[in-house]
Amino acid sequence: MRPPALFLAHGSPMLAIEDNAYTAFLGKLGEGIRPQAVVVFTAHWVTRQPTVSAVEGTYDMIYDFSGFPRELYEVVYPARGSVEWAERVRERLGGMAEVAVDRTRGLDHGSWVLLDRLFPKADIPVVQASIVPWWTPKQLFQLGEALRPLRDEGVMIIGSGGTVHNLMALRWEGHAEADEWAVAFDDWLLSRSAAHSEEVFEYENKAPYAKQAVPTPEHLAPYWIAYGAGDRGGAPRALFREYQYGSLSLMAVAF
């Protein structure tokens, strides 16, 4: 079975230890997929040029957050790297830009929170990849396009971030209803993506509430990569959609 290209919100690090509708969804999603390798573009690894991890053996853990329960800092996801698959990714991207290789960086929570839910046995090779958020959405889409053939080799491509990610706008108390502006932004993004409209790449000027939804581009950047790696002509599908704290989008999209 050809693995999908997915955009998955990684939400709060608490997803690693909480049980809710989204974590249940991720578990079910992983049960139906058995890729040869997983390439994860994480919003928490920002670099000046595209960079891939080529780790021999098991990744170290990066707990890139603070102020959370001790239990969260005790989570260990013993993912193994793959120098061979990292080289395949580097080769595919080499036509677009010079690609750096990192042999020591561990997994940040943009990767391990999702992978621990998808593949809890940690038995699938992982290549972690950075994002260059000041590339245009179209450039990031083209980067994803360059990786599309790897799916025919059994590689699953994940963009890990968040379509609406404005921490200053979150309402932490109680079970807040989804904010209309957050829903409106995601509605626009999905509809323009499904129509394969070039307008989607101009979201900063075209989308409703764009500056409120995307105050900085790094969490949306993986969306464009996954979109580019998706099937030609296919319409993106929202597999899961929910909002925490009013506006933190937990949206999963298959391309």
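Just checking, does segment 110-132 include any residue being in a loop (DSSP other than H, G, I, E, B), of a type outside the set (A, V, I, L, M) and at pLDDT below 95? No: segment 110-132 contains no residue that is in a loop (DSSP other than H, G, I, E, B), of a type outside the set (A, V, I, L, M) and at pLDDT below 95. A residue that is touching a Ser or Thr at 6+ places or on another chain (Cβ under 8 Å), of a type in the set (Lys, Arg) and either surrounded by fewer than 19 Cβ atoms within 10 Å (Cβ to Cβ) or in contact (Cβ under 8 Å) with a residue 40 or more places away in the chain (or both) occurs somewhere in segment 75-87.
Please work out if ILE124 is open to solvent by less than 10 Å² (accessible area, probe 1.4 Å), within 30 Å of TYR203 (Cα to Cα) and of a type outside the set (D, E, K, R). Here the answer is no, as ILE124 does not meet what is asked.
Within segment 230-248, being closer than 14 Å to GLU177 by Cβ and open to solvent by less than 60 Å² (accessible area, probe 1.4 Å) holds for TYR243, GLN244, TYR245, GLY246, SER247, LEU248. Filtering ASP64, ASP108, ASP102 for residues that are open to solvent by less than 10 Å² (accessible area, probe 1.4 Å) and farther than 21 Å from GLY154 by Cα leaves a single hit, ASP108. Scanning segment 148-193 for residues being out of contact with any helix residue (DSSP H, G or I) (no Cβ under 8 Å at 6 or more places or on another chain), modelled with pLDDT of 95 or more, farther than 25 Å from ASP108 by Cβ and open to solvent by less than 70 Å² (accessible area, probe 1.4 Å) gives a total of 4.
Restricting LEU26, LEU72, LEU6 to residues that are under 19 Å from LEU167 (Cβ atoms), open to solvent by less than 20 Å² (accessible area, probe 1.4 Å) and of a type in the set (A, V, I, L, M, F, W, C) narrows the list to LEU72.
The values are calculated or read from the model by the stated rules, or taken from the named source; none is laboratory data. The shown structure was predicted, so the numbers you read here are calculated from the model rather than taken from an experiment. Methodologically, a virtual Cβ is constructed for each residue, glycine included, from the backbone with ideal geometry; neighbour enumeration extends over all protein chains shown. Side chains included, ligands, DNA and RNA excluded: accessible areas come from the protein's heavy atoms. Shrake-Rupley method; radii C 1.70, N 1.55, O 1.52, S 1.80 Å.
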